[in-house]
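See below for the structure under consideration.
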């Protein structure tokens with residue numbers, strides 16, 4: 001945790017930034033500052049005293065300089081070592097803490113994502129290291145832990161993920177087969193609230209309705225289009241309102257699915273721009289990243305601070 005008396009740079013009143021790169025570099029200028037933050041956040045609020053698991057009481061801890069440069073504090077009573085990185089994504093990593101923190105900052109300060117190649121250039125690491133860092137941050141810190149079910153007014157829609165066919169398809173039947181072969185993304189969003197995304201096997205059959213039941217509270221009012229796969233959900237929620245897209249109707253009073261469709265539009269534009277192509281194996285983790293940023297966008301704290309809190313738990 002940075003010293004309280006460290007000067008904090010000012011941001012322009014017109015800036016919509018919650019946490020600028022200047023502020024990040026001032027709070028975390030090197031590995032030592034990052035390690036100190038982990039130590040204070042996880043074990044020692046005052047930086048000197050912590051609960052010693054061996055002594056089973058609060059003790060004074062000190063960090064001794066060693067030739068190995070160990071990232072540990074030592075109990076002055078019994079000599080027990082505490083490693084602030086243990087149990088985190090940073091543990092036993094040969095990549096410096098400052099680069100890990102910088103990667104987390106870059107991933108939270110972008111709206112449309114950042115590619116591993118771009119991270120490689122920004123951090124000065126090789127591509128494999130950049131990809132591994134991003135993968136761990138996505139899968140361990142940005143992963144959707146589900147938590148509470150969505151409630152209130154919830155819009156639901158599904159879309160296919162993948163490119164267009166290289167050659168023109170002969171008819172509608174061939175187009176439908178091509179669409180079914182691509183991964184399906186089910187999106188559920190509270191109006192004015194959180195979004196939840198799931199990769200499902202098909203837009204047909206019970207997989208779609210099963211995910212809706214698992215993620216949306218029965219007390220919610222759900223809004224869908226007239227796709228037949230939503231029919232089994234009728235009567236399972238407070239209300240099920242349907243907008244008839246087949247008839248060319250997209251808004252009828254407060255009945256629409258524009259929120260989730262708009263999210264899908266931004267998602268696809270962002271992912272195609274940043275990543276070009278995402279395999280089905282890793283698709284869910286990329287969706288979790290986009291959902292996490294959407295859900296944290298109106299938080300009381302900067303996204304980087306929220307992600308760092310997850311990292312030190």
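Of the peptides 32-43, 120-131, 269-280, the ranking by mean beta-carbon count within 10 Å, highest at the top, reads 32-43, 120-131, 269-280. Note on the chain: with a GNM built from Cα contacts shorter than 10 Å, the maximum mean-square fluctuation among 54, 117, 231 falls on 54. For segment 217-272 versus segment 282-313, the spacing of their alpha-carbon centroids is 25 Å.
Sorting the segments 258-266, 144-152, 100-108, 82-90 by their mean number of nearby beta carbons within 10 angstrom, highest to lowest, gives 100-108, 82-90, 258-266, 144-152.
Only DSSP H runs of four or more residues enter the estimate; each adds -39500 (n - 2.57), and after division by the residues of the chain the mean residue ellipticity at 222 nm equals -11000 deg cm²/dmol.
Any idea what the relative contact order of the chain is, in percent, if you count C-alpha pairs under 8 Å spaced at least 6 apart? Before the final figure, lay out the partial values.
Details: 409 pairs, mean separation 53.5, N = 313.
Answer for the chain is 17 percent.
Label reach from residue 115 (point 7 Å along Cα→C-beta): in segment 276-310, amide nitrogens under 14 Å belong to 276-279.
Every number here is computed from the coordinates shown, using simple stated rules; none is lab data. Since this is a predicted model, take the numbers as computed values, not measurements. Ideal geometry is used to build each Cβ from the backbone, glycine not excepted, and the neighbour counts take in all protein chains shown.
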